[in-house]
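Everything below concerns the one structure shown next.
The values are calculated or read from the model by the stated rules, or taken from the named source; none is laboratory data. If you're wondering where the values come from, they're calculated on a predicted model, not measured in any experiment. Glycine gets a Cβ as well: all are built from the backbone with ideal geometry, and neighbour counts include every protein chain shown. The accessibility values were calculated without ligands, DNA or RNA, using every heavy atom of the protein model including side chains. Shrake-Rupley method; radii C 1.70, N 1.55, O 1.52, S 1.80 Å.
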Amino acid sequence: MEETWRWFGPADNVRLDEIRQTGATGVVTALHEIPYGEIWPVSAIEERQKLIAEAGLVWSVVESLPIHEAIKINEGPLDRYFDNYRASLRNLAACGVRTICYNFMPVLDWTRTNLSFRLPNGASALRFDAPLYAAFDCLMLQRPGAEAEQNDEVMAAARAWHDSASESDKAQLLATIMAGLPGAFDRYDLPGLRRMLERYRGVDVATLRANYTRFLKEVVPTAEEHGLRLCVHPDDPPRPLLGLPRIVSSADDLAFIVNAVPSPANGITFCTGSLGAGPQNDVPAMARRFARHVHFAHLRNTSREADGSFYEADHLGGDTDMIAVIDALLEEDSRRRAEGAAPIPFRPDHGHVLLSDAARKTHPGYTLIGRMKGLAELRGVIAALSRRRAA
Ligand code: DNO
């Protein structure tokens, strides 16, 4: 497997020369400055690639080449968006960047309610708290029908929080829920979010699946022709949010996707943290079942609670048997090596805020020391399992 590291570009407070010292060899990044739906020009891709090469690294994976919201909703003429997406794919192929991650989550990307949840050892982690989420959805956003989706206990805790929350606590919760949206792009206030949800009125699971299938039919042939590997990122968390359907949350969803347009270019980003937050998911079993379709892996762990809350645990802690997942990925990786195919790139996904991490501002979850600890632990597992496989 190939060790990679997510870098948010020149504005990232974790520098390329520091990434080099973590031992990772591949960089995962995107042209975050280009608005959704616009073409990524060859010149801009090459320029970014050059920066990465100067640090002794390679641009291994694009995360993400974002899909315009209009495609997800199937709103208005879409030809220009499909044309542009294909053009970006061709440009990336021309530069030799061949693995492309994206997601199909409506409106929100990853969603948490607390970005600095204190752990017993003094470090902090990202957390999704079911009562806080209910307070946001039912009491702040006041989405019709939201309360009916909650049980009494969660709702009582949500009300207790809401009754004692100050305006600044509420503003903080809104900002935290919006934090998953990368970089410079749309953050919503409550009225803006309501308007976005309104655009999705009538888009249920079946419609969203149809819109997604159409996207795949439009872009997978181009990807295949240029030897690219598209890989969809699972929903984080893997459950509907704010009444919006989510369709990349379970084994059935992944099966639907790979069968919708069967192609080596239509694959999966196997994100253990996203999938593992769903009690419906047996993550090691999914790794074994979908191994052939995995073009990229995000390795991190979560610890779930009975009410649907979870927090991000140590990479080898939490509820997902990481060693079993890595074993399944290594099995596939050696199969590919035997065929002369590229190794599976993986990255340590979010890390805790550890030691000197507290002193520098990074994207939530994308700390230097926290991720390096995760990478080192994963590297140890990979080394041990690889030795045993070779014996
Ligand atoms: C969170 C990430 C996601 C991911 C996108 C891929 O840290 O794993 O934001 O990059 O969903 O499109």
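All Cα-Cα distances of the range 151-289, cut into 10 Å bins from zero to the largest, leave 10, 29, 36, 18, 6, 1 percent in each bin in turn.
A straight line joining the Cα centroids of the range 297-336 and the range 145-212 runs 27 Å. Dividing the summed -39500 (n - 2.57) terms of all DSSP H runs of n ≥ 4 by the residue count of the chain sets its mean residue ellipticity at 222 nm at -13000 deg cm²/dmol. When the charge dipole of the range 266-373 is built from unit charges on Cβ atoms (+1 for Lys and Arg, -1 for Asp and Glu) and taken about the Cα centre, the candidate among Gly351, Met286, Ile323 whose Cα reaches farthest toward its positive end is Gly351. Between Gly308, Phe128, Phe8, whose Cα lies farthest towards the positive end of the dipole of the chain when Lys and Arg beta carbons carry +1 and Asp and Glu beta carbons carry -1, centred on the Cα centre? Selected residue: Phe8.
Out of every Cα-Cα pair that the range 207-279 contains, those further apart than 17 angstrom amount to 44 percent.
Basic side chains Lys and Arg get +1 at the Cβ, acidic Asp and Glu get -1 at the Cβ, and with that the dipole of the chain about its Cα centre reaches some 820 debye.
Considering the range 125-196, its Cα convex hull presents a mean projected area of 5.5 nm².
Using only side-chain charges placed at the Cβ, +1 for Lys and Arg and -1 for Asp and Glu, the dipole size of the range 125-196 relative to its Cα centre rounds to 280 debye. What the Kirkwood sum gives for the range 48-111 is a hydrodynamic radius of 13.5 Å, with every pair of different alpha carbons counted. For Ala313, the residues whose modelled amide H falls within less than 5 Å of its own, excluding neighbours fewer than 5 places apart on the same chain, are Asn301, Thr302, Ser303.
Proximity of backbone amide H atoms, modeled 1.01 Å from N, is registered between Glu2 and Ile344, Phe346 at under 5 Å, excluding neighbours fewer than 5 places apart on the same chain. Using the Karplus relation 6.51 cos²θ - 1.76 cosθ + 1.60 with θ = phi - 60°, the per-residue 3J(HN,Hα) values for the range 333-349 come to 4, 6, 4, 5, 4, 4, 8, x, 8, 5, x, 7, x, 9, 9, x, 7 Hz, with x marking Gly and Pro. Amide H contacts for Glu38 (H built 1.01 Å from N in the peptide plane; partners 5 or more residues away or on another chain; cut-off under 5 Å): none found. Semi-axis lengths, largest first, of the ellipsoid equivalent to the range 69-152 are 36, 23, 8 Å, with √(5λ) applied to each eigenvalue of the Cα gyration tensor.
Scalar couplings 3J(HN,Hα) for the range 291-302, obtained by applying the Karplus form with A = 6.51, B = -1.76, C = 1.60 to θ = phi - 60°, are 3, 5, 9, 7, 9, 6, 10, 10, 10, 6, 10, 10 Hz; x denotes Gly and Pro.
Divided by 2.2 N^0.38 Å, where N counts the residues, the Cα radius of gyration of the range 211-370 comes to 1.09.
Between Asp83, Asp137, Asp169, the Gaussian network model of the chain with springs among Cα atoms under 10 angstrom shows the greatest mean-square fluctuation at Asp169. With θ taken as phi - 60° and the Karplus curve 6.51 cos²θ - 1.76 cosθ + 1.60 applied, the whole-hertz 3J(HN,Hα) list for the range 119-127 is 9, x, 7, x, 6, 9, 9, 7, 9 Hz, x standing for glycine and proline. Sorting Tyr102, Tyr81 by accessible area puts them as Tyr81, Tyr102; the probe is 1.4 Å, largest comes first, and only protein heavy atoms count. Centre-to-centre, using Cα atoms only, the range 89-129 and the range 350-391 are separated by 16 Å.
With the convex hull drawn around the C-alpha atoms of the range 11-95, the volume per residue stands at 94 Å³.
Run the 1.4 Å probe and let me know the accessible area of Ser116, rounded to the nearest 10 Å². Here the accessible area works out near 80 Å².
Taking all protein chains together, Met286, Met1 sort by accessible area into Met1, Met286, largest first [probe 1.4 Å]. When its C-alpha radius of gyration is set against 2.2 N^0.38 Å (N residues), the chain gives a value of 0.95.
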